[in-house]
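> Quick one: the structure is below, questions incoming.
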Ligand code: EPZ
């Protein structure tokens, strides 16, 4: 088991390059098997969830060539096995994208039910509803999600709840259905648009992605393409909030400022300066931070994936802030850990009431999930003394070289794997 060990107190200063969006890339890699021609995908983040999905794609018979750290070539013409199941794929949520991709192309798929971060009950009823509406028979048996159809027929689907996963999955299957599909109350997240752009570059006919009505006219075949994944708005947001918490000054390169609007708006509200460039954003936190109210909402609202990082910043801002989590019901599990670092946060139902404290103090804490883990690292960077973050496995699911990028900004952080190394670090820095 590896840990991050951090000596807090240094403002983060300098430039950081943001990688490709994990959640867009997971869907795009799945969609890549929908053609028999070779697809090249660039700007992939080199993180665990991506590598697990690539292994699963390889296991069903597709040819996967890692031609560079961030580039892969996939050829789906060799697929013989429509059953996706291994101990690793069960751990990632995005395994469900192979359902839409395989069902669309082969009209059949069997995929182990998804795991992912434990941030609340994560049903897939809307995915099932969409596949059924397209004419598929859908079942769950022995932990497997089974879907099959003689043919998929375009249809009209209303999503009862805005769901990124269901929108993308239905969009993929409908791309190879007969006739026209309309998805209403669709998710508008940048990665929904990115997946639509990717599919269109393969010859799909998808219009309206980025609005709440998506129209898809099915095509018989998709073809080869070369595509670059959009920058990761959550990785970017995490560094922006790390700048705020440490009173730093960071220039983030390779971002799309428009995708960061909600994240940026909250930083401005609490007293940071944010300067936007074409593909960069600079965050300067030179003034005292103050409280605000935040509610997580589907895009363009404040992202649930930035909620723990925001809480860490508000925990050391003056006054009382509230965060209402409206997407996932179990996303405050980090609060107990942050309390161990001196935070004063009370959770009532889906609202965290945060009374800002002067500073955090270093402690030993556990990363309960991906984003909360990153948030605890930010707390450690801002804290007085030494923080050890356990279970960084979660963080590595979604952040590439997190410790390296932070260290390049002046953070004192190391990845270690034993108590001896923790002691060594402590002696070195004190
Ligand atoms: C995606 O999860 C992301 N995961 C999550 O990223 C992110 O938190 C979430 O979208 C919201 O933005 C991936 O892209 C792999 P949803 P997803 O379907 O698609 C309910 C991260 O840290 N719902 O948009 O699973 C659901 O319970 C993570 O990178 C249903 O009720 O989320 C939730 O309340 C973790 N039925 C809401 O919709 C369904 O069939 C939104 O979930 C599907 C969802």
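> May I ask you to order 400-413, 231-244 by the average number of other C-beta atoms within 10 Å around their residues, highest value first?
Those peptides, ordered most packed to least, come out 231-244, 400-413.
> To the nearest 10 degrees, how steep is helix 261-270 against the longest Cα principal axis of the chain, on a 0 to 90 scale?
Relative to the chain, helix 261-270 is tipped by roughly 20 degrees.
> Now for a different question. Most fluctuating residue of 420, 129, 151 in a GNM of the chain with Cα springs under 10 Å: which is it?
420
> Each label point is 7 Å from the Cα along the Cα-to-Cβ direction; what then is the distance between the points at residue 421 and residue 37, in nm?
Reported label-point gap for residue 421 and residue 37 is 4.6 nm.
> Once label points are set 7 Å from the Cα along Cα→Cβ at both residue 221 and residue 361, what is their separation, rounded to one decimal in nm?
For residue 221 paired with residue 361, the spin-label model returns 6.9 nm.
> Arrange the following residues from fewest to most other Cβ atoms within 10 Å of their Cβ: 331, 207.
Fewest-to-most ranking of 331, 207: 207, 331.
> If each residue's Cβ is checked for other Cβ atoms within 10 Å, how do 397, 93, 132 rank with the fewest at the top?
Ascending number of Cβ neighbours within 10 Å: 132, 93, 397.
> Apply 1/(1 + (r/R0)^6) to the Cβ-Cβ distance of residue 140 and residue 293, taking R0 = 25 Å, and write down the FRET efficiency to the nearest 0.05.
0.05
> Still on this structure: Return the calculated 222 nm mean residue ellipticity for the chain, to the nearest 500 deg cm²/dmol, obtained by summing -39500 (n - 2.57) across DSSP H runs with n ≥ 4 and dividing by the residue count.
-9500 deg cm²/dmol
> May I pose another question? From Cα coordinates alone, what are the radius of gyration and Dmax values for the chain in angstrom?
Both quantities, over Cα of the chain: 21.6, 67 Å.
> Which of rounded, prolate or oblate describes the range 22-228 when judged by the alpha-carbon gyration tensor and an a/c cut-off of 1.5?
Here the range 22-228 falls in the rounded category.
> OK, next. If I build a Gaussian network model for the chain, linking alpha-carbon pairs within less than 10 angstrom, which residue out of 286, 418, 228 has the largest mean-square fluctuation?
Its mean-square fluctuation being the largest, the pick is 418.
> To the nearest 10 degrees, how steeply does helix 22-31 sit against the main Cα axis of the chain, on a 0 to 90 scale?
Relative to the chain, helix 22-31 is tipped by roughly 10 degrees.
> In addition: Using a 10 Å cut-off around each Cβ, can you sort 175, 163, 430 from fewest to most neighbouring Cβ atoms?
By the 10 Å Cβ count, ascending: 430, 163, 175.
> Ok, one more. Does anyone have the angle between helix 48-59 and the longest principal axis of the chain? Alpha-carbon axes, 0 to 90°, nearest 10?
20 degrees
Just so you know, all these numbers are worked out from the coordinates, no wet-lab data involved. Just so it is clear, the structure is predicted and the values come from calculations on it, not from any experiment. All Cβ positions, even for glycine, are placed from backbone atoms using ideal geometry, and neighbour counts span all protein chains on display.
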